[in-house]
Number of protein chains: 2
Amino acid sequence: MDSDLKYIALFQDCDSTFLNALEAQKQRQNHKKGKVLFIYGDTAERFYFIKSGWVKLFRETLDGAQAVIDILPAGNFIGDTAIFENGVYPYSAEVAESAEIISLPLSNLKKEIENNNKLALNMLKAVAGYRRQLDKEIEHRSIQNASQRIGCFLLRLADQSKKNNVIIHLPYDKALVASRLGMQPETFSRALAKLREKTGICIKGATIEMDNLDQLVSYSCSACTSKFPCEDLQAAE
Amino acid sequence: MDSDLKYIALFQDCDSTFLNALEAQKQRQNHKKGKVLFIYGDTAERFYFIKSGWVKLFRETLDGAQAVIDILPAGNFIGDTAIFENGVYPYSAEVAESAEIISLPLSNLKKEIENNNKLALNMLKAVAGYRRQLDKEIEHRSIQNASQRIGCFLLRLADQSKKNNVIIHLPYDKALVASRLGMQPETFSRALAKLREKTGICIKGATIEMDNLDQLVSYSCSACTSKFPCEDLQAAE
């Protein structure tokens, strides 16, 4: 049996015995926006790979206030670290934009990392990389103002090598972009208006156009400890 | 040779050959506040264990603005994840309060995790746990106001099982607490005054006193997705 799982970076050093066992229990489904994949605190039996689309990770208070931890694009695993959280999911996950999701049994992963050191190292590298993304988010929340953070969010969506006539499409709706950035909707609107004023970007619904990235880079990257173009995006290519 | 390194949780499954090699190159030093241990982007040759005291992790922009990523207490490793960052430190580290620091060669760690799966799994568990702390920080920055965040910071320093006459000592100065929480000094002062008003805590320099934790819990934990007492602090015991 030939498995497309072997093309996923995390599994690159896994043998066919493990991959075939995983393949036999694999579920592949297309989900619409709003589909809840799992709930914070539930016993974790499966982990998920985002094949396409976007998935929101969040937690809620007893009063129903929602904290968005991240909104992840294709290529990411979710729920896998439940292995290190007493077997329960450390966040809730909901499809943010139509997504193709591969679901896999967590027990196989748990057993395999205990025996396959290369898999453990690949997972360690992935978790360390994600930790770095989170600490970058904390950095930005500390030193960038709201408009600079929206500018940074747009820059990370853009083709950073493009010199002229830049067009950026928001991957999900503006209310979600606001919560991804930890802003109230009214703060987001004000900050977006200020960003347009400062950088001359042109906003048409979910499409943002500009002559080039220079103004956005000058405005947002001055309050960042990394240089433009973003190193981690380069590394991911 | 008997090594105290074997009492460190990360090394619990390491054999004496590895521990003795590490021990032979170990440096143990007492540092005062302000001592820089390493700089973001420098080639990483050693990693560090905080035996006592506090260490600030930070990065700086070209303009000199400083983003504090975390301030870590005793029991934490720093610089170890440079292994997964092309061998360079992913942040700068500076002693925040007098600290005893053990410095160890990174090359030994790198070689050992490639051969010792139990060490790789222990490190994976530690990094996943730290990732969870960072996502909790992002949650709090999204849904707690500034005063609630200071309250949460104090609660995490307190003995959460103590019923009456609670006394909390700030572990480092107020300016550092402000930057740890990602606040400007004036925002911090206003938020602290509001917290005192809302919860009746009594602030005497670096000491905070209150009859019990109820008011603080009621005020801060209503804007958190975890229950009091904090689960992760329980787990650490």
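Taken together, the values in this text are just the output of simple stated rules run on the coordinates, not laboratory data. What you see is a predicted model, and the numbers here were worked out from it, not measured in a lab. Every residue, glycine as well, gets a Cβ built from its backbone with ideal geometry; the counts of neighbours run over all protein chains shown.
Observations
- Under the convention that each Lys and Arg Cβ holds +1 and each Asp and Glu Cβ holds -1, the size of the dipole of chain A around its Cα centre is about 540 debye.
- Placing a label point 7 Å from the Cα of B:Leu62 along the Cα-to-Cβ direction, the distances to the matching points in the other copies come to 5.0 nm, shortest first.
- Counts of other chain beta carbons within 10 angstrom of each beta carbon in peptide B:65-73 average 4.
- All Cα-Cα distances of segment A:144-236, cut into 10 Å bins from zero to the largest, leave 16, 54, 29, 1 percent in each bin in turn.
- Peptide B:182-192 - average C-beta neighbours from other chains (10 Å radius): 1
- Dimensionless Rg/Rh of chain B - Kirkwood Rh, Rg from C-alpha atoms: 0.99
- Selected from A:Ala9, B:Val217, B:Asn145, residue furthest toward positive end of dipole (the protein assembly as shown; charges at beta carbon): B:Asn145
- Cβ-vector label at 7 Å, B:Ala24, separations to other copies in nm: 4.8
- The packing ranking of peptides B:218-230, A:106-118, B:155-167, B:90-102, highest mean first, is B:90-102, B:218-230, A:106-118, B:155-167, where packing means the average number of other beta carbon atoms within 10 angstrom of each residue.
- Counting only other chain Cβ atoms within 10 Å of each residue's Cβ, the peptide B:109-116 averages 1.
- Helix-only CD estimate at 222 nm, as mean residue ellipticity for the protein assembly as shown, using -39500 (n - 2.57) per DSSP H run (n ≥ 4): -12000 deg cm²/dmol
- Each peptide among B:135-148, B:55-68 gets the average number of other Cβ atoms lying within 10 Å of its residues, and from highest to lowest they stand as B:135-148, B:55-68.
- Whichever aspartates and glutamates have a C-alpha closer than 20 Å to that of B:Lys35, once near sequence neighbours (fewer than 8 apart) are set aside: B:Glu45, B:Glu60, B:Asp70, B:Asp80, B:Glu94, B:Glu97, B:Glu100, B:Asp173
- Overall, the protein assembly as shown carries a charge dipole of about 1000 debye about its Cα centre when +1 sits on the Cβ of Lys and Arg and -1 on the Cβ of Asp and Glu, all other atoms neutral.
- Across A:Lys111/B:Lys26; A:Lys162/A:Lys204; A:Lys32/B:Lys227; A:Lys163/A:Lys204, pairs whose alpha-carbon gap is larger than 24 Å: A:Lys111/B:Lys26; A:Lys32/B:Lys227
- Considering only Cα atoms, the convex hull volume of the protein assembly as shown works out to 154 Å³ per residue.
- Sorted from shortest to longest, the distances between the A:Asn145 label points of this copy and the other copies are 2.2 nm, with each point 7 Å from Cα along the line through the beta carbon.
- Between the beta carbons of A:Asp63 and A:Val36, assuming R0 = 22 Å, the FRET efficiency works out to 0.70 to the nearest 0.05.
- The relative contact order of chain B, computed from alpha carbon pairs under 8 Å that lie at least 6 residues apart in sequence, is 19 percent.
- Over the C-alpha trace of segment A:4-133, radius of gyration and Dmax come out as 14.5, 47 angstrom.
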